[in-house]
Amino acid sequence: MQLIFETERLIVRKLKLSDLKGLHEMQSNSNVMRYTTGNIKTLKENEMELLKLIKFYNLPMNNFWVYAIQLKPSTDFIGTVAIIKEENNDAEIGFRLLEKYWNKKFGTEIVNGLINYCKLNDYKTLIANSVFKNLASIKIFENAKFKCVENFISEDLKLPEQKFILEL
């Protein structure tokens with residue numbers, strides 16, 4: 001296991017091929033995907049995406065990382081986090097959880113873990129976007145002291161979104 005960081009109940013690590021089942025469960029769930037791409041994915045599409053994400057780890061000058069979230073002490077895959085490095089040591093962050101792990105404070109825990117990880121890695125500003133209807137994510141970002149700085153229509157979903165910023 002290639003550990004990135006951990007929290008009280010969670011481990012964030014590099015994705016591996018054995019994550020396909022959990023990734024597919026998450027990305028074929030319309031409730032999960034309605035706040036992301038809006039489209040559910042087939043097993044084959046998820047397998048291709050997983051292979052692509054794993055290859056990104058070895059690319060020189062990579063600025064896009066997606067990691068697995070694993071529940072302690074088990075090895076259960078419960079979701080993903082994303083860190084996209086931008087200019088001036090800023091980073092856009094995001095997370096996605098299997099629906100059965102919603103409403104258990106894992107979103108709050110993973111966002112706080114991401115904040116700590118990004119501080120330790122000298123990021124200066126974190127950016128997070130959420131569609132207006134995703135009230136749970138908006139609440140998580142607001143409770144973590146992110147400030148809403150912009151409302152916009154997303155290019156991919158064509159839905160109203162809010163952009164949040166946190167200065168580290």
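Restricted to region 57-148, the set of strands (runs of 3 or more DSSP E) holding at least 1 residues that are over 14 Å from the mean Cα position of the chain (by Cα) and surrounded by 13 or more Cβ atoms within 10 Å (Cβ to Cβ) comprises 64-71, 90-97, 125-131.
Let me confirm something: among 77, 132, which residue is touching a Pro at 6+ places or on another chain (Cβ under 6 Å) and among the aromatic types (Phe, Trp, Tyr)?
Details: 77 fails: touching a Pro at 6+ places or on another chain (Cβ under 6 Å).
Exactly one of 77, 132 is touching a Pro at 6+ places or on another chain (Cβ under 6 Å) and among the aromatic types (Phe, Trp, Tyr), namely 132.
For region 4-31, what are the residues that are closer than 13 Å to residue 69 by Cβ and aliphatic (A, V, I, L, M)? Of everything in region 4-31, those that are closer than 13 Å to residue 69 by Cβ and aliphatic (A, V, I, L, M) turn out to be 4, 10, 11, 12, 15, 23, 26. Pairs meeting the criteria (first residue in region 121-148 and within 11 Å of residue 107 (Cα to Cα) and in contact (Cβ under 8 Å) with a residue 12 or more places away in the chain, second residue in a strand (DSSP E or B) and not charged (D, E, K, R), beta carbons under 6 Å, at least 6 apart or on different chains) are 137/130; 138/130; 141/128; 141/164. Of the residues making up region 1-48, those that are under 14 Å from the mean Cα position of the chain (by Cα) and either β-branched (Val, Ile, Thr) or assigned to a loop (DSSP other than H, G, I, E, B) (or both) are 4, 11, 12, 15, 32, 35, 36, 37. For region 44-56, state whether one or more residues are surrounded by 13 or more Cβ atoms within 10 Å (Cβ to Cβ) and in contact with a strand residue (DSSP E or B) (Cβ under 7 Å, 6 or more places away or on another chain). The answer is yes, given that some residue of region 44-56 is surrounded by 13 or more Cβ atoms within 10 Å (Cβ to Cβ) and in contact with a strand residue (DSSP E or B) (Cβ under 7 Å, 6 or more places away or on another chain).
Consider region 38-81. How many of its residues are within 19 Å of residue 11 (Cα to Cα), out of contact with any Lys or Arg (no Cβ under 8 Å at 6 or more places or on another chain) and small (Gly, Ala, Ser)? The total comes to 1.
Scanning region 152-168 for residues that are free of Cβ contacts under 8 Å to residues at least 40 places away in the same chain, closer than 23 Å to residue 88 by Cβ and in a strand (DSSP E or B) turns up 152, 161, 162, 163, 164.
Each value in this text was obtained by applying a stated rule to the coordinates, not by laboratory testing. It should be emphasised that the depicted structure is a prediction, and the values quoted were computed from it without experimental measurement. All Cβ positions, even for glycine, are placed from backbone atoms using ideal geometry, and neighbour counts span all protein chains on display.
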